[in-house]
């Protein structure tokens, strides 16, 4: 009986991307890309995903979301009520404790380099010093907020459980509830291209679209028939990434199946644009793939009048 190939095992373990990695988040700033995974692993690339460096965070940790700030810094939301921050110049990831008992699910960095995290009990946390201190707002509803996006310096949108939609027109100083998305909608992902036009994806593959800043929503057919866990804009095209490694692309007002030509056996959870014709997608089973897009670009639909 031949001896086990321990050298091969060690070589496999030395690779930055492991087959068991479950990537849940991506963010990019220029050619720098950060991927966050369950199990407390962060991968960083300085060349658009061509090469990766692996970083193991202090346990317990599990990265749920990653955000890139305009100043070049990054932040990663940890399930264990922590945020990890990487300075614009690189270095080590610094841990910041979150002052809340609520589970947080989503993270973003606004145009003023402030961090925003949202989650259970309609909790909204913000930090103007990269997690050194936090302002905590609990709206008191028994609902989970699942997405947060700043469209520009003043206007932002949060979506959540039971069809919750909150908007801000003053940079997050106040949040106004909008009519709920019907059907107790649970959004996995949301993407607004401006203050008026947005999309949400949810359970059973449902995709909805608003033209009035989240006040009303219409269902759009999803030909994949599977949930889309991430919505992504590349140049002027919109894409959905979901279960079974499937993707859809919006053409005009219709979503169509997008064949990316790669063997991705598990679900896709996140994506970032690398340039106008390529994206990086990530998910379970170590999926971390660059996808090159067709040359023809169909502009994402917008309305001339934005919500006010």
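The values are calculated or read from the model by the stated rules, or taken from the named source; none is laboratory data. In this text the structure is predicted, and so the values were computed from the model without any measurement. Here Cβ is always computed from backbone atoms with ideal geometry, including for glycine, and neighbour counts include all displayed protein chains.
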Item to complete: Among the residues of segment 153-193, count how many are part of a loop (DSSP other than H, G, I, E, B) and more than 17 Å from the chain's Cα centre (by Cα).
Response: 18
Worksheet item: Does segment 290-307 include one or more residues that are closer than 21 Å to residue 23 by Cα, modelled with pLDDT under 95 and either assigned to a strand (DSSP E or B) or more than 16 Å from the chain's Cα centre (by Cα) (or both)?
Response: yes
Worksheet entry | Scan of segment 204-215 for residues that are farther than 19 Å from residue 194 by Cβ and out of contact with any helix residue (DSSP H, G or I) (no Cβ under 9 Å at 6 or more places or on another chain), ordered by number | 204, 206
Worksheet item: Just to be sure, is residue 140 modelled with pLDDT under 95 and either surrounded by fewer than 16 Cβ atoms within 10 Å (Cβ to Cβ) or more than 16 Å from residue 28 (Cα to Cα) (or both)?
Response: yes
Discussion item. Take residue 91 and tell me if it is at pLDDT below 95 and on the phi > 0 side of the Ramachandran plot.
Written reply: yes
Worksheet item: Taking segment 216-256 on its own, how many of its residues are assigned to a loop (DSSP other than H, G, I, E, B), within 20 Å of residue 285 (Cβ to Cβ) and in contact with a helix residue (DSSP H, G or I) (Cβ under 9 Å, 6 or more places away or on another chain)?
Response: 3
Discussion item. Of the conditions (1) at pLDDT 95 or above; (2) under 21 Å from the mean Cα position of the chain (by Cα); (3) crowded, with 17+ Cβ neighbours inside 10 Å; (4) farther than 20 Å from residue 48 by Cα, residue 211 satisfies every one except a single condition; which number is it?
Written reply: (2)
Worksheet entry | Pick from segment 44-63, criterion within 21 Å of residue 97 (Cα to Cα) and either at pLDDT below 95 or under 17 Å from the mean Cα position of the chain (by Cα) (or both), ranking: surrounded by the fewest Cβ atoms within 10 Å (Cβ to Cβ) | 62
Practice prompt. Please specify each residue of segment 244-275 satisfying the condition of being buried (at least 17 other Cβ atoms within 10 Å of the Cβ) and farther than 24 Å from residue 31 by Cβ.
Written response: 245, 246, 248, 249, 250, 255, 258, 267
Fill in: Which numbered condition residue 77 misses (of (1) crowded, with 16+ Cβ neighbours inside 10 Å; (2) without any contact (Cβ under 8 Å) to a residue 40 or more places away in the chain; (3) within 23 Å of residue 189 (Cβ to Cβ))
(2)
